[in-house]
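The values are calculated or read from the model by the stated rules, or taken from the named source; none is laboratory data. Given the structure is predicted, the values throughout are model-derived calculations rather than measurements. Glycine gets a Cβ as well: all are built from the backbone with ideal geometry, and neighbour counts include every protein chain shown.
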Amino acid sequence: MRRRDFLQTSFKAGTLAGLGATLGPLAALGEEGRRLPYDLVAAKGAPPDKLFDAAIAALGGMGSFVRPGQTVVVKPNIAWDVPPERAANTHPLLVQRVVEHCREAKAKAVYVFDFTCDDWRRSYQTSGIEAAVKAAGGVMAPGNSEGYFHPVRVGGRSLTEAKEHELVLEADVVINLPVLKSHGSAGITVAMKNLMGVVWDRGFWHRNDLHQCIADFAGYRRPTLNVVDAYNVMMRNGPRGGTERDVVRMETLLVSPDLVTADAAAARLFGLEPDAVRYIRLAAAAGSGRKDLENLAIHRITL
């Protein structure tokens, strides 16, 4: 069996069982401290938009996170000027459906942006996300001008301050929408690392202990909801990828209000123990979230 065929068979067969968690006694909190039924929902076996429909319903609907009249920022990964099948960016169908749910919850406005690595106009277009957001009634916002970013105090061990995008600073609700994929420096990139796209000087992170900076920022910026796109997963050559041969179809979505929990589950889905990813260990040790999946309430859905 070729290596790629083996990866596809192995990961599709064990997608949700590999999380290794059971329904525990604790559950997360939603908007205004409303208790949620689960700490994490893992859904598999359908297109990205249908997976989100099922997962958000299990958490009580988008109204558990977005109230009428609120301003929402949705932060996908749109870093690269590559098409959706390369899995370098968040799947456009998922982004569209998240925006639609926010609007159905009567959000005042839904903004979508990323501080891209490739040219932002081309990345927005080629990824399919710009068209998806417009179709859903959201607003695509630019993220590649320093004038949009303002100083904030992070107070971490390596990252003490940063410049954060004004849309995030002014939002009532932040929905973090990363794609799970490999990363040459971080091992994997998921919810915590996706937040690098809301700050200006990412070079500082790479020069000053990337893993510690990721963990530091996770303690400062905690999104309202984290939705991990693992429909197509780039298993190697990340974060941009080389060809579609780097990609395995897992048809999975992970949803949690806790970004450390989301990353821990994503690591296990990728084939790693959470403790094998240093920034997950650091963030959990700092109290920014929980990685002990075996003690959390996890709901699995197969469509």
For region 200-220, name all the residues that are modelled with pLDDT under 95 and either buried (at least 19 other Cβ atoms within 10 Å of the Cβ) or part of a loop (DSSP other than H, G, I, E, B) (or both).
D201
Which numbered condition in (1) surrounded by fewer than 17 Cβ atoms within 10 Å (Cβ to Cβ); (2) within 19 Å of T116 (Cβ to Cβ) is the only one that L169 fails?
(2)
Residues that are over 19 Å from P84 (Cα atoms), among the charged types (D, E, K, R) and buried (at least 23 other Cβ atoms within 10 Å of the Cβ), drawn from region 172-199:
K193
Which residue pairs have Cβ atoms closer than 9 Å, lie 6 or more positions apart in sequence or on different chains, and pair a first residue in region 267-281 that is part of a helix (DSSP H, G or I) with a second residue that is of a type in the set (D, E)?
A267/E273; A267/D275; P274/D263; P274/D292; Y279/D263; I280/D263; R281/D275
Pull out all pairs, ordered by first then second residue, where Cβ-Cβ is under 9 Å, the residues are six or more apart or on different chains, the first lies in region 100-114 and is over 23 Å from G197 (Cα atoms), and the second is small (G, A, S) and buried (at least 23 other Cβ atoms within 10 Å of the Cβ).
R103/G138
Inside region 155-166, the number of residues satisfying the requirement of being surrounded by fewer than 19 Cβ atoms within 10 Å (Cβ to Cβ) and on the phi < 0 side of the Ramachandran plot is 5
Expected single match for within 18 Å of the chain's Cα centre (by Cα), under 24 Å from A43 (Cβ atoms), aliphatic (A, V, I, L, M) and surrounded by fewer than 19 Cβ atoms within 10 Å (Cβ to Cβ) among L293, L272, L254 is L272
State all residues of region 117-134 that are part of a helix (DSSP H, G or I) and within 19 Å of V74 (Cβ to Cβ); if no residue qualifies, say none.
W120, R121, S123, Y124, Q125, T126, I129, E130, A131, A132, V133, K134
Is one or more of the residues making up region 129-150 farther than 27 Å from Q96 by Cα and either among the polar types (S, T, N, Q) or without any contact (Cβ under 8 Å) to a residue 40 or more places away in the chain (or both)?
yes
Qualifying residues in region 243-260 (those that are of a type outside the set (K, R) and not in a strand (DSSP E or B)) - the one farthest from P37 (Cα to Cα)
T243
Quick check on my filter: what residues within region 35-75 are among the β-branched types (V, I, T), over 13 Å from V98 (Cβ atoms) and surrounded by 19 or more Cβ atoms within 10 Å (Cβ to Cβ)?
V41
Conditions (1) out of contact with any strand residue (DSSP E or B) (no Cβ under 7 Å at 6 or more places or on another chain); (2) within 17 Å of A141 (Cβ to Cβ): number failed by R157
(2)
